[in-house]
Amino acid sequence: MTSVLSGGVRDSINDALLEAVRKLGVDGEVPDLELGRAKVAEHGDYATSAGLKLARVMRQDPKVIAARLAETIEVAEGAATAEASGGYVNFRLADDWLRRLVGRVRPGYGARDIGHGERLQVEFGSVNPTGPLHIGHGRGVTLGDSICRLLEFTGHAVQREYYVNSDNTQTRRFGASVFARLHGFEPPEGGYTGDYVVELAEMARHDLPGIADLPEDEAEPKLRMYAINKMVERIRATVARVNVRYDEWYYENRLWESGLPQEAIKRLRASGHLKERDGALWFGDASDEEEDRVVIRANGQPTYFASDLGYLLSRFEQRDYNRVVEVWAADHHGYVPRMKSAAEALGFDARLVIILHQMVNLKEGKMSKRAGRFVTLDDLVDRVGSDAVRYFYLLRSPDTTIEFDLELAVTQGSENPVYYAQYAHARLSNVEVAAGAQHPKLPEAANVGLLVHPWELDVARQLAFWPDVVEDATALLEPHRIPYYVHDLATAVHRFYHAGNAQSEHRVVVQDPELTRARLELSRAARHTLKTALDLMGVSAPERM
RNA sequence: GCCCCGCUAGCUCAGUGGAUAGAGCAUCUGUCUUCUAAACAGAGGGUCGGGGGUUCGAAUCCCUCGCGGGGCACCA
């Protein structure tokens, strides 16, 4: 029998449910019984429509099946009781089990070994290093970072990588723009016109003696690398402000130096995935020319796609990651099939996971990095703070387009839902301080049996749900499930706390040391869980506010 | 034209094919001599974009139409 703590109580219930189905004589395929949270309080905490689902297989009345299941089911540790209702089976978490759960919650509660140490890379952010990060990029880096945090929390060996473009058309234009500014010209057509390019040119003039005397074909690569390095420095500082960390800033030119794109091209040529047409080298199968993509241009210059072919080898072979998760903005969605078929052609198909998130649009009009028209992520952090920024981004499903209104973001900064959760944490921290002050020596062990009020058990109930949230968020790579959970837990905490405002005998810290100790146990369990969940979001858990 | 995402309360958004669709903000009504009121209790507010279909059951799956966003490069 597995410990309930190793997974969630939902897993235990599900195991018990399946075992009961077997006992009823169903063998072979069991349809998905869709055990989920009950939506109405009368239906308990979890519910399944197992009776209805099994009616066809068992050729029996759903009500009868549900009733028999309810009788048969035995959940491990007596964690929950089952009750039939029509074709449904409803589960109610046992009060006594909830109390014991409180005593078992430790810092980091909810961590699970789902990944078994799987080596995987998450590549996210990876914006062309041709300008500062704006609010659109903020979404990508916070999403990617929280995905990493989730995967680390669930037993994966995660490497966080930023792929630094350095040899593509955009970065060349960037280099050419710096060159133009160095000589007092306007950047060329399609170049970068932001003021920061002028600053970069002046810094280069100082840091690269003699650079202004070189002709463009010699100066541009030097200026480009100089400017890219400056931008990478700045991007690194920006993401650090929102608690985003990378293990590796992997430069595109490193690929070419190690011959990986060349090797990938060689292999794809041998396997018949490449062909010459119009003087260029194309990737694609013969069935549809429209789908073909250029790898080497007619002028002999490789495309970014050639680099990406080598990048696949770098990660799946040279560095031996079992899986690679890419986090991209939706404007790259057209590139997904290409990458997928490239990965397939090289034999890595199922191991490449691509997560897309929708765009962040500025209400005042389109952002453009080249035109220097955008709100930087630094601006946003300056005005509303890192915690509110992270919560704001992570609250939304990646599929939702964000219409960003800076004025509104600033005015609403103070009513950001993040403070609701942080306040719950701060209140509990304060309670612990108060308990220590009033009771210098409390009992070592807590008698959790003293937790009897509904507002106390409801906190415990929320704690029971946390492993489910971790599991779902990890399986779907959807961190936005966490802030919604945090809100629910914070609500239960505030209610628990407030019971003591309404009637002082319900406070955590009371005369009776035994009772104080029991309620303190619950406070700590809730505080640890809030802290853990906020950590996964990269949001701080303050001890006072 | 083709591809992707969205359309759910006044606004911003959750919602693994299940029972009576939720939260925050905003609006209205109550609650601080108290372990922190950045809180709590309550009220109002919905043809889940329209129309078909599949199913015992659809906000959820399929088809179709509409609206909004994004993409369809020898840019990334």
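The table that follows gives values for the structure above.
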{"read-out": "Extension gain from A:Glu19 to A:Arg293, taking 0.36 nm per residue of separation minus the Cα-Cα distance", "value": "93.4 nm"}
{"read-out": "DSSP-assigned coil residues among GluC sites (Glu not before Pro) in the stretch A:440-529, each with at most 13 further Cβ atoms within 10 Å", "value": "A:Glu444"}
{"read-out": "Amide H partners (placed H, <5 Å) of A:Arg119, local residues excluded", "value": "A:Ala157, A:Asn322"}
{"read-out": "Sum of -39500 (n - 2.57) over DSSP H runs of 4+, divided by residues of chain A (222 nm, nearest 500)", "value": "-16000 deg cm²/dmol"}
{"read-out": "Per-q log10 I(q)/I(0), the stretch A:125-226, q = 0.15, 0.16, 0.24 Å⁻¹ (Debye; single scatterer per alpha-carbon; no solvent)", "value": "-0.67, -0.72, -1.21"}
{"read-out": "DSSP bridge orientation in chain A - percent antiparallel, rounded to nearest 5", "value": "50"}
{"read-out": "Calculated P(r) tail over 19 Å for the stretch A:4-93, as whole % of Cα pairs", "value": "30"}
{"read-out": "On Cα atoms only, tilt of A:135-153 relative to the major axis of chain A in degrees", "value": "50"}
{"read-out": "Contour excess over end-to-end distance, with Cα ends at A:Glu216 and A:Ala350 and 0.36 nm allotted per residue", "value": "43.8 nm"}
{"read-out": "Acute angle (nearest 10 degrees) that the helix A:95-104 long axis makes with the longest principal axis of chain A, alpha-carbon atoms", "value": "50"}
{"read-out": "20 °C / 1.002 mPa s Stokes-Einstein diffusion coefficient of chain A, Kirkwood radius on C-alpha pairs, µm²/s", "value": "80"}
{"read-out": "Cα-based equivalent ellipsoid, the stretch A:141-180: semi-axes from gyration tensor eigenvalues, Å", "value": "35, 10, 6"}
{"read-out": "Within the accessible area of chain A (1.4 Å probe), percent carbon and sulfur", "value": "49"}
{"read-out": "Crossing angle, helix A:481-502 versus chain A [Cα axis fit, 0-90 degrees, rounded to tens]", "value": "40"}
{"read-out": "Projected label distance in nm at A:Asn501 and A:Gln60, using a 7 Å step from Cα toward the beta-carbon", "value": "5.2"}
{"read-out": "Accessible area of chain A divided out per residue, in Å², using a probe of 1.4 angstrom", "value": "45"}
{"read-out": "Simple spin-label estimate for A:Ala237 and A:Asp207 in nanometres, 7 Å along Cα-Cβ", "value": "1.1"}
{"read-out": "Spin-label model distance (nm) - A:Glu248 vs A:Gln262, 7 Å beyond Cα toward Cβ", "value": "2.1"}
{"read-out": "Length-normalised contact order of the stretch A:4-93 in % [C-alpha pairs under 8 Å, at least 6 apart]", "value": "31"}
{"read-out": "Per-pair calculated FRET efficiency, R0 = 51 Å: A:Arg544 and A:Met225 via Cβ, rounded to 0.05", "value": "0.60"}
{"read-out": "Ordering of A:135-141, A:313-319 by burial proxy (mean other Cβ atoms within 10 Å per residue, highest first)", "value": "A:135-141, A:313-319"}
{"read-out": "Cα centroid separation - the stretch A:458-508 against the stretch A:220-283, whole Å", "value": "44"}
{"read-out": "Per principal axis, descending, Cα span of the stretch A:417-537 in whole Å", "value": "47, 26, 24"}
{"read-out": "Segment A:Gln318-A:Ala41, extension gain: residue separation times 0.36 nm, minus the distance between their alpha carbons", "value": "94.4 nm"}
{"read-out": "HN-Hα J in Hz across the stretch A:529-542 - Karplus 6.51, -1.76, 1.60, θ = phi - 60°, x for Gly and Pro", "value": "5, 4, 4, 4, 5, 5, 4, 5, 8, x, 10, 6, 10, x"}
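The values are calculated or read from the model by the stated rules, or taken from the named source; none is laboratory data. Just so you know, these numbers come straight off a predicted model, no measurement behind them. Cβ coordinates were reconstructed from backbone atoms using ideal geometry, including for glycine residues, and neighbour counts include every protein chain displayed. The area values use the complete protein model at the heavy-atom level, side chains included, leaving out ligands, DNA and RNA. Shrake-Rupley method; radii C 1.70, N 1.55, O 1.52, S 1.80 Å.
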